[in-house]
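Asks: I have a structure here, written as structure tokens, and I will follow up with some questions on it.
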Amino acid sequence: MLDATAYYRTGRFHLEPHTFRVLLLLLYGAGLRLGEALHLRVADVDLPAALLTIRATKFYKTRLVPIGPDLCAVLRHHAERQPRGDRTRTAESFLVDCHGLPLKDGTVRRAFAQLRQCAGVRRMDGARYQPRLHDLRHAFAGHRVTAWYRAGPDVQRLLPQLSTYLGHLSITATQVYLTMTPDLLREACLRFGRYADLEGHHA
């Protein structure tokens, strides 16, 4: 889908391909909600500190979101592409359309529907919904937990940190995001198997 951002458009969109790519990487790489990404201001993106400030979000709370070096490099490249002058004002939106205006939710969702079709990303299982932008946030959470299982730490102990990172009020809300993908199921089973073997040796 990232590759398809370069050529997905069949009509006129105000969403530039490189901006669309940055938005998708933000949603997946930082686990943001769409509205959180669209409301980012220039002042909210602290590239030297590799830190995003997410303001007055879904539950009217502000949180700090650390980002990794790869995503930080993407955001830095995007910032360097922006015209100077008025765009240097810190109150300006970080993601703007081809006219320099803040991206609109409807514009992005329509573009994603066309991108998904162009890239051939679709569900064939009769589900009510086709892949959504919000699913990138779900993918972030699932892949984070899968990586933890592979690395070996206590996943249950780390879940509160993931919950805080995502801006959830409780771990229960975070667990909804943890769809049992094949990779996650495999790693969880391997962890359980190692635990069962250890318990067997101590019995």
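The values are calculated or read from the model by the stated rules, or taken from the named source; none is laboratory data. Quick caveat: nothing in here was measured; it's all calculated off a predicted structure. For neighbour counting, all protein chains shown are included, and Cβ atoms are generated from backbone atoms with ideal geometry for every residue, glycine included. The area values use the complete protein model at the heavy-atom level, side chains included, leaving out ligands, DNA and RNA. Shrake-Rupley method; radii C 1.70, N 1.55, O 1.52, S 1.80 Å.
Asks: Restrict the check to region 43-53 and report whether at least one residue is aliphatic (A, V, I, L, M), part of a helix (DSSP H, G or I) and open to solvent by 30 Å² or more (accessible area, probe 1.4 Å).
Replies: yes
Asks: Which of the residues belonging to region 150-160 are open to solvent by 40 Å² or more (accessible area, probe 1.4 Å) and assigned to a helix (DSSP H, G or I)?
Replies: Those that are open to solvent by 40 Å² or more (accessible area, probe 1.4 Å) and assigned to a helix (DSSP H, G or I): Arg150, Ala151, Gln156, Arg157, Pro160.
Asks: Shifting gears a bit: Within the group Arg186, Arg191, Arg150, which residue is out of contact with any strand residue (DSSP E or B) (no Cβ under 7 Å at 6 or more places or on another chain) and either within 27 Å of Ile54 (Cβ to Cβ) or modelled with pLDDT under 55 (or both)?
Replies: Result: Arg191 is the single residue among Arg186, Arg191, Arg150 that is out of contact with any strand residue (DSSP E or B) (no Cβ under 7 Å at 6 or more places or on another chain) and either within 27 Å of Ile54 (Cβ to Cβ) or modelled with pLDDT under 55 (or both).
Asks: Of the conditions (1) of a type in the set (Val, Ile, Thr); (2) modelled with pLDDT under 90; (3) open to solvent by 20 Å² or more (accessible area, probe 1.4 Å), Thr164 satisfies every one except a single condition; which number is it?
Replies: Of (1) of a type in the set (Val, Ile, Thr); (2) modelled with pLDDT under 90; (3) open to solvent by 20 Å² or more (accessible area, probe 1.4 Å), only one is false for Thr164: (2).
Asks: Still on this structure, please answer the following. Applying the selection to region 56-67, what residues are open to solvent by less than 100 Å² (accessible area, probe 1.4 Å), at negative phi, outside any strand (DSSP E or B) and modelled with pLDDT under 95?
Replies: Across region 56-67, the qualifying residues are Thr57, Phe59, Thr62.
Asks: Could I ask something else about it? Considering only residues that are out of contact with any Lys or Arg (no Cβ under 7 Å at 6 or more places or on another chain) and farther than 16 Å from Ala30 by Cα, which ones fall in region 126-145?
Replies: Hits for region 126-145 are Gly126, Ala127, Arg128, Tyr129, Arg132.
Asks: Considering each residue of region 1-17, count those that are in contact with a Ser or Thr (Cβ under 8 Å, 6 or more places away or on another chain) and outside any loop (DSSP other than H, G, I, E, B), and give that number.
Replies: Qualifying residue count for the region: 1.
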